[in-house]
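Asks: The structure is given below, and queries will be raised subsequently.
Read-outs: derived from the displayed coordinates by stated rules, not from any lab. Predicted model, so just to flag it, every value in this text is computed and none were measured. Cβ: placed from backbone, ideal geometry, glycine included. Neighbour counts: every protein chain shown.
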Amino acid sequence: MLYIEKDYPLKSLNTFGVVAKAKHYVSFDAMEDVEKVSDLLETTFAAEKRFVLGGGSNVLFTDDFDGVVIQSRIDNIISETQTDSDVLVEVGSGMEWDAFVAYCVSKNWGGVENLSHIPGVVGASPVQNIGAYGVEAKDIIQEVCLWDFEQGEVVVLKNEDCRFGYRDSIFKHEYKGKVLVLSVSYRLTRKDHTMNIGYGALKDLEQHGDALTLQHVRDHVVAIRESKLPDPEVIGNGGSFFKNPVLEKSFVDVLLVDYPDMVVYPLPDGKVKVAAGWLIDQAGWKGYKEGLVGVHDKQALVLVNYGGAKGEEVVSLSQKIIRDIQQKFGIVLEPEVIFL
Ligand code: EPU
């Protein structure tokens, strides 16, 4: 089924809760509808710019969108193929991410539990290569089925073709604006799960020893996220607003002389990832309020809309933070959130 709307309000479709509207809004809830969507974009809406919206948890509408917003509402599990040790699950791009994680954990399928409670939808998981607590979507994605607007056909991309990086993929570069994710296939374990509890905040889970279950991991991750990250239903936000910068080790070593407590993660390629939340916190921004926007008081990496803010107010605050961190540490923070 295809839904077409005009002057469509976007407030409930972005977790920042900013007020904005789309000139046109097109959504659909079955794979086979995508050809009709594509036809519409080539005819009725040919002159309009377009944006494929996922769960709206990583976008900031800075103004009304003068074009067509497209959203998949394919929100079911499409197929499950089991072998003795694994299961391959194909999931519609419009399914709530955490509903998918909860389903896997309830089935005792392993690999996705560390990614519990992340807002957004399945279709955004390869675009953003979502990650948390030592696991990234790329670790479990087998392939991505998408509609290629230029070719006018369905294309299936293997994991290695997606060019996954830290919060990065081909969908943010060559494929930007050119494709629409229809479904994502994940490979999960049915037994002998590899539990990823090496990340600092998950160390407490070691107490379970061999009795550790996927549900324990999920519950723990949910509890940490609930304690640190604001619930978008209560306070508008887009999760981490900035990426953790990846820097040359020699540069970070010099900074560590002045800031020995700086939180750093050495990467396999020799570079070093620095916790942007630590930098922003250290610079005194945590809990800062400016009109209707601010910096979350429990996690400085999260900018919040206390209600009624416009996207541009969030942008303005983010620019002040970027300038300040550059002056204090010589590091230029890059937003993780996409501005529209
Ligand atoms: N920190 C502070 N002050 C703060 C925030 C953080 O000192 O205000 C310190 C923490 O104490 C910790 C370090 O910075 O030592 C890292 O903090 P945390 O573990 O909370 O993780 P993060 O780097 O802030 C990243 C991801 C999150 C993900 C967590 C857990 C990015 C941009 N963010 O945050 O992802 O949940 O790690 O793995 O990589 C998201 O992308 O929206 C997101 C929430």
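Asks: Which value, in debye to the nearest 20, gives the size of the charge dipole of region 2-72 about its Cα centre, when Lys and Arg are +1 and Asp and Glu are -1 at the Cβ? List each step's numbers first, then the result.
Replies: Numbers: 7 positive and 12 negative charges, 61 e Å.
The dipole of region 2-72 has a size of about 300 debye.
Asks: What number comes out for the charge environment of Y199, summing +1 per Lys or Arg and -1 per Asp or Glu over other residues with Cβ under 15 Å away?
Replies: Numbers: positive: K203, R218, R225, K228, K273; negative: E113, E136, D139, D204, E206.
For residues surrounding Y199, the net value is 0.
Asks: On the Cα set of region 236-339, report Rg and Dmax in Å, please.
Replies: Computed over the Cα atoms of region 236-339, radius of gyration and Dmax are 14.0, 44 Å.
Asks: For the cross-link pairs K11/K176; K172/K273; K23/K176; K23/K158, which exceed 25 Å when the distance is taken from alpha carbon to alpha carbon?
Replies: On the way: K11/K176 23 Å; K172/K273 21 Å; K23/K176 21 Å; K23/K158 34 Å.
Table pairs above 25 Å Cα-Cα are K23/K158.
Asks: Antiparallel versus total DSSP beta bridges in the chain: what percent is that, nearest 5?
Replies: On the way: 50 of 63 bridges.
Of the beta bridges lying entirely in the chain, close to 80 percent run antiparallel.
Asks: Residue farthest toward the positive end of the dipole of the chain, with Cβ of Lys/Arg at +1 and Asp/Glu at -1: which of Y288, V89, L303?
Replies: Y288
Asks: Related question: Calculate, for E226 and E48, the FRET efficiency according to 1/(1 + (r/R0)^6) with r their C-beta to C-beta distance and R0 51 Å; round to the nearest 0.05.
Replies: Numbers: r = 40 Å, r/R0 = 0.78.
That gives a FRET efficiency of 0.80.
Asks: Place a +1 charge on the Cβ of each Lys and Arg in region 217-340 and a -1 charge on the Cβ of each Asp and Glu, then give the dipole magnitude about the Cα centre in debye, rounded to the nearest 20. Please list the in-between numbers first.
Replies: Numbers: 14 positive and 17 negative charges, 8 e Å.
That gives a dipole near 40 debye.
Asks: To one decimal place, what Kirkwood hydrodynamic radius in Å is obtained for region 2-72 from all pairs of distinct Cα atoms? List each step's numbers first, then the result.
Replies: Details: mean 1/r = 0.0814 Å⁻¹.
Radius from the Kirkwood sum: 12.3 Å.
Asks: If you don't mind, there's one more thing I want to ask. Could you check the simple spin-label distance between E248 and I338, using points 7 Å along Cα→Cβ, in nm with one decimal?
Replies: Spacing of the two 7 Å Cα→Cβ label points: 3.2 nm.
Asks: Here's another thing I want to ask about it. In terms of Cα to Cα distance under 19 Å, which aspartates and glutamates are near enough to K228, apart from those fewer than 8 places away along the same chain?
Replies: Those aspartates and glutamates meeting the cut-off are D98, E113, D204, D219, D281, D297, E336.
Asks: Taking each pair of distinct Cα atoms in region 77-189 once, what is the resulting Kirkwood hydrodynamic radius in Å? All intermediate terms of the calculation are to be shown ahead of the outcome.
Replies: Working: mean 1/r = 0.0715 Å⁻¹.
Across region 77-189, the inverse of the average 1/r is 14.0 Å.
Asks: Next question, about the same structure. In nm², what is the average projected area of the convex hull enclosing the Cα atoms of the chain?
Replies: Its average projected convex-hull area is 17.7 nm².
Asks: Pull up all non-local amide H partners of I78: gap of 5 or more, or a different chain, and H-to-H distance under 5 Å with H placed in the peptide plane.
Replies: So I78 has HN proximity to E90, V91, G92.
Asks: Continuing with this model, one more query. Once each part is reduced to its C-alpha centroid, what is the distance from region 240-274 to region 293-340 in angstrom?
Replies: Between the Cα centre of region 240-274 and that of region 293-340, the gap is 20 Å.
Asks: Can you give the FRET efficiency to the nearest 0.05 for E153 and Y265, using r as the Cβ-Cβ distance and R₀ = 45 Å? Could the numbers behind the result be given before it?
Replies: Values: r = 41 Å, r/R0 = 0.90.
Efficiency, from the Cβ-Cβ distance: 0.65.
Asks: Give, rounded to the nearest 20 debye, the magnitude of the charge dipole that the chain has about its Cα centre when Lys and Arg contribute +1 at Cβ and Asp and Glu contribute -1 at Cβ.
Replies: Numbers: 34 positive and 51 negative charges, 171 e Å.
Dipole magnitude for the chain comes out near 820 debye.
Asks: Let me ask something else about it. How about region 239-340: which trypsin sites (Lys or Arg not before Pro) there lie in a loop by DSSP and see at most 12 other Cβ atoms within 10 Å?
Replies: Numbers: sites: K243, K249, K271, K273, K286, K289, K298, K310, K320, R323, K328; in loops: K243, K271, K286, K298, K310.
Here the trypsin sites (Lys or Arg not before Pro) that fit, given the DSSP loop and packing criteria, are K298.
Asks: Can you tally the net charge around F164? Count Lys and Arg as +1, Asp and Glu as -1, for every other residue whose Cβ sits under 13 Å from the Cβ of F164. It would help to have the intermediate numbers written out before the result.
Replies: On the way: positive: K138, K158, R163, R167, K172; negative: E136, D139, E143, E160, D161, D168.
After counting each charged neighbour, the total is -1.
Asks: Can you work out the Karplus-derived ³J(HN,Hα) for every residue in region 114-119? Use 6.51 cos²θ - 1.76 cosθ + 1.60 with θ = phi - 60°, whole Hz, and x for glycine or proline.
Replies: Here the 3J(HN,Hα) series is 5, 9, 5, 6, 7, x Hz.
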